[in-house]
1. Just need a number here: residues in the stretch 186-223 that are surrounded by fewer than 21 Cβ atoms within 10 Å (Cβ to Cβ) and within 21 Å of residue 21 (Cβ to Cβ).
2. Got at least one residue in the stretch 29-48 being assigned to a helix (DSSP H, G or I), within 22 Å of residue 164 (Cα to Cα), out of contact with any strand residue (DSSP E or B) (no Cβ under 6 Å at 6 or more places or on another chain) and in contact (Cβ under 8 Å) with a residue 24 or more places away in the chain?
3. Can residue 88 be described as under 16 Å from the mean Cα position of the chain (by Cα) and either buried (at least 17 other Cβ atoms within 10 Å of the Cβ) or not in a loop (DSSP other than H, G, I, E, B) (or both)?
4. Do we have any residue at all in the stretch 203-219 that's within 27 Å of residue 10 (Cβ to Cβ), in contact (Cβ under 8 Å) with a residue 40 or more places away in the chain and touching a helix residue (DSSP H, G or I) at 6+ places or on another chain (Cβ under 6 Å)?
5. Given 103, 82, which one is assigned to a loop (DSSP other than H, G, I, E, B) and surrounded by fewer than 21 Cβ atoms within 10 Å (Cβ to Cβ)?
6. In the stretch 224-239, how many residues are part of a strand (DSSP E or B) and crowded, with 24+ Cβ neighbours inside 10 Å?
7. Anything in the stretch 106-141 that is more than 25 Å from residue 197 (Cβ to Cβ) and assigned to a loop (DSSP other than H, G, I, E, B)? List them, or say none.
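All of the numbers you see were taken from the coordinates with simple rules; none came from a lab. Only a predicted model underlies this, so the values are computations on that prediction, with no experimental measurement involved. Cβ: placed from backbone, ideal geometry, glycine included. Neighbour counts: every protein chain shown.
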């Protein structure tokens, strides 16, 4: 099972419907960190995972793979519980400077329909995502009130987690990044790569096709055995990116396929 394989490399996963959050037990400097705090309702289980590791929110930092509200919405709650180090993608600086974020529209969101049925549905999580005021959604300016420690630049190591490299992955949004640990062959892909039915899927939910095509080439070149997608279940196995579905290779959408996904557990 993927969950056991993830724990073998020190990663804990929590989800509220398709909205994922991850705790990495040790990023290479002896301390844990959180990837994508997701929705506010994920703050409690992520904090519980830190506690199980003998840590508190003040011991851990949080990083985000992009500025969508379903990836940064839990950060204020973690800050309220004591988290002091918050890192966002470098492109977010332009949003604070007045640039309006680009993001996929409703038609692009509809393209990932199979992913929406790959994890147990939660109406509460959906409402929380739609009502989110931290980050940005389908439209509107970027809003972020929590203090920011720094920004994650392409090619740099995550501060406080030197095992993890920052990879710029624009296409889904201009601010998208992924995080890669070559030692454990683990990729936290944000929304650049999703998963359905135990297989990676390069996202068709994009803003810029040219940038997305470059991102796909870059990520397919990585040796990945553990994938932590922004949406969809985390998966483990050999050559995950080499075997990933292309954006246009959509998984089945039929009623039977949907029922199998929702009731799989």
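1. The qualifying residues number 1.
2. Yes, the stretch 29-48 contains at least one residue that is assigned to a helix (DSSP H, G or I), within 22 Å of residue 164 (Cα to Cα), out of contact with any strand residue (DSSP E or B) (no Cβ under 6 Å at 6 or more places or on another chain) and in contact (Cβ under 8 Å) with a residue 24 or more places away in the chain.
3. So residue 88 passes the test.
4. So far as the stretch 203-219 goes, no, none of its residues is within 27 Å of residue 10 (Cβ to Cβ), in contact (Cβ under 8 Å) with a residue 40 or more places away in the chain and touching a helix residue (DSSP H, G or I) at 6+ places or on another chain (Cβ under 6 Å).
5. 82
6. Our first condition is that a residue be part of a strand (DSSP E or B); within the stretch 224-239, this holds for 226-229, 235-236.
Those left that are additionally crowded, with 24+ Cβ neighbours inside 10 Å: 227-229.
The number of residues fulfilling the criteria is 3.
7. 131, 132, 133, 134, 137, 138, 139, 140, 141, listed by residue number.
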